[in-house]
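Visitor: Sharing a structure with you now.
What follows draws every value from the coordinates through simple rules; no lab data is involved. Since we're looking at a predicted model, the values are computed, not measured. Note that each Cβ is placed from the backbone with ideal geometry, even for glycine, and that neighbours are counted across all protein chains shown.
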Amino acid sequence: MKQLLLSQKQVLFFVLAGAMSAVIEVGTFKFFSVQLPPIFAWEKNLYGVHFPLSNILSTSCGIISNYFFSIWFVFERGKHSKRREFAYFIAISAVSTVLSLMFFQIFYSSAFRNEYFDLGFFVFSPEMLSKIAAIVLVSVLNYSVKKRIIFSG
């Protein structure tokens with residue numbers, strides 16, 4: 001077991017860094033999805049897009065935190081300069097953001113439309129379930145792309 005963990009150390013650290021970023025992203029999404037609709041009435045449904053500003057702002061927080069967690073804990077610096085590395089990271093994250101927003105809309109509109117998950121001390125709303133599912137789906141893609149393109153040696 002110890003040998004397996006050591007051989008998969010990078011994946012384990014990626015999962016931990018991703019989990020920390022996801023907590024930041026989900027937490028800021030919860031904050032924005034509660035605080036923004038009273039200010040912007042269109043936030044709950046903008047031409048069929050649910051919580052667009054909350055999603056964009058929270059995803060940006062998750063991306064920035066994930067960049068720092070990735071360079072501190074997960075990947076070694078690759079062949080690129082810091083500036084180019086950051087630019088690639090942001091570009092890939094922008095594509096991931098679009099995918100995440102699409103997956104969120106699909107999950108929110110169909111899979112978790114009227115679903116609530118009660119843990120006793122916290123209830124996950126359809127918005128939160130959709131956000132978490134989208135994060136998990138996109139993070140698998142992110143690992144392989146970031147490892148191969150950004151942080152390759």
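Visitor: Within 10 Å, at most 15 other Cβ atoms, and a DSSP state outside H, G, I, E, B define an exposed site. Report the longest part of the chain free of exposed chymotrypsin sites (Phe, Trp or Tyr not before Pro).
Guide: The segment 48-115 is the longest one with no such site.
Visitor: Let me spell out the model: positive unit charges on the Cβ of Lys and Arg, negative unit charges on the Cβ of Asp and Glu, origin at the Cα centre of the chain. What dipole size does that give, in debye rounded to 20?
Guide: In debye, rounded to 20, the chain gives about 740.
Visitor: Could you give the longest part of the chain that holds none of the trypsin sites (Lys or Arg not before Pro) found in DSSP loops with at most 15 neighbouring Cβ atoms within 10 Å?
Guide: Result for the longest clean stretch: 1-76.
Visitor: (i) 30, 19, 13; (ii) 25, 18, 15; (iii) 26, 21, 14: which one is semi-axes √(5λ) of the Cα gyration tensor in Å as calculated from this entry?
Guide: Label (i) holds the value from this structure.
Visitor: Within 10 Å, at most 15 other Cβ atoms, and a DSSP state outside H, G, I, E, B define an exposed site. Report the longest part of the chain free of exposed GluC sites (Glu not before Pro).
Guide: Here the longest run is 1-75.
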